[in-house]
Amino acid sequence: MPTPPPTGPLVTRDTLASDLRTLGVEPGEILLAHSSLSALGWVCGGAVAAVQGLLDALGPDGTLVVPTQSGDLSDPSHWGNPPVPRAWWDTIRATMPGYDPLVTPSRGVGVIPETVRTWPGALRSAHPQTSFAALGPRAAEVTEGHAPDCRLGERSPLARLEALGARVLLLGAGYDTCTSFHLAEYRIPAPRVGSGRPGPEGWEVVSEVSIDADRFDELGHDFERDRPVVRAKVGAADARLFPVADAVAYAERWLPLHRSRAEEV
């Protein structure tokens, strides 16, 4: 049976850049993009064209930032998608390659961030599980100083993006992907957990604030109801644009009321 033709719309580098400008992306700004390539439609040139369109909209003075998480560099006892046999755990811990920002691929964040990660001139932050990659003149400022025991808190690129007045672009992605909400989790009472991962001297366990995207869709719904969020179509994708600082401040108020986790163990 022949493969059916794509349904479109046909998206190109130029149409993507045009749609982003119509949405309100401004030349020279810093943009934290969470994205779904498939949501855009049929993109001529795939992820490469999508990144080109984003960079065109931002212009030479703009900076594009994406999450390049590598959550598989973690304790196999917590894996569930898929799980691995208990008998394998010790061997996995002993042999898992350590984090290398130039080599370690991103996982679970989509093909656009992985394309940005490998783009000429891209810089990547140092956290082995929750790194960010950036392209543009502010890339070093955003990615430097990501502490190994601070996944998405005050010593991560998220706090730097907040301070620099960056905005979030949800490009075919939902609020469950909005990493800015996690920064709020570091500013309210939250449990701490031991996070296992390969380190420079073997397996290590680091104490970290527990982060959880549970109910972020609901949080995003209320945020969009109460705060100014720019919405439009980019290709076939629903796109949203808002300041990082607005999202963090709203989540700081919302989370303690709707999802208290201070007593978790």
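Summary of values
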item: ³J(HN,Hα) computed for each position of segment 227-237 - Karplus, 6.51 cos²θ - 1.76 cosθ + 1.60, integer Hz, glycine/proline x; result: 10, x, 10, 7, 10, 6, 8, 10, x, 8, 8
item: Amide H contacts of residue 71 (H built 1.01 Å from N, under 5 Å, at least 5 apart or other chain); result: 107
item: Solvent-accessible area per residue, Å², over the chain with all protein chains present [probe radius 1.4 Å]; result: 47 Å²
item: Virtual spin-label span in nm between residue 44 and residue 176, 7 Å along Cα→Cβ; result: 3.4 nm
item: DSSP bridge orientation in the chain - percent antiparallel, rounded to nearest 5; result: 70 percent
item: Per residue, the convex hull volume that the Cα atoms of segment 119-185 enclose (Å³); result: 100 Å³
item: Magnitude of the charge dipole, the chain, Cβ model with Lys/Arg +1 and Asp/Glu -1, debye to 20; result: 280 debye
item: On Cα atoms only, tilt of 244-258 relative to the major axis of the chain in degrees; result: 50 degrees
item: Cα-only radius of gyration and Dmax that characterise segment 92-155, units Å; result: 12.1, 39
item: Karplus (6.51, -1.76, 1.60) ³J(HN,Hα), θ = phi - 60°, over segment 39-50, in Hz, Gly and Pro reported as x; result: 6, 6, x, 8, 9, 5, x, x, 5, 4, 5, 5
item: Fraction of accessible area attributable to carbon and sulfur, the chain (%, probe 1.4 Å); result: 55 percent
item: Computed [θ] at 222 nm, deg cm²/dmol, the chain (DSSP H ≥ 4; -39,500 (n - 2.57); rounded to nearest 500); result: -9000 deg cm²/dmol
item: Alpha carbon centroid spacing (whole Å) that separates segment 194-265 from segment 49-74; result: 19 Å
item: Calculated FRET efficiency for the pair residue 260/residue 88, C-beta based, R₀ 41 Å, to 0.05; result: 0.70
item: FRET efficiency, residue 22 to residue 213 (Cβ-Cβ, R0 35 Å, nearest 0.05); result: 0.75
item: Computed over segment 28-95, the ratio Rg/Rh where both radii use C-alpha atoms and Rh is Kirkwood; result: 1.21
item: Percent of C-alpha pairs per 5 Å bin, the chain, short to long; result: 1, 6, 12, 16, 18, 17, 13, 9, 5, 2, 0, 0
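The values are calculated or read from the model by the stated rules, or taken from the named source; none is laboratory data. Not measured: the values here are computed from a predicted model. Neighbour counts run over all protein chains shown; Cβ positions are idealised from the backbone, glycine included. In case anyone asks, the SASA skips ligands and DNA or RNA and just uses the protein heavy atoms, side chains included. Shrake-Rupley method; radii C 1.70, N 1.55, O 1.52, S 1.80 Å.
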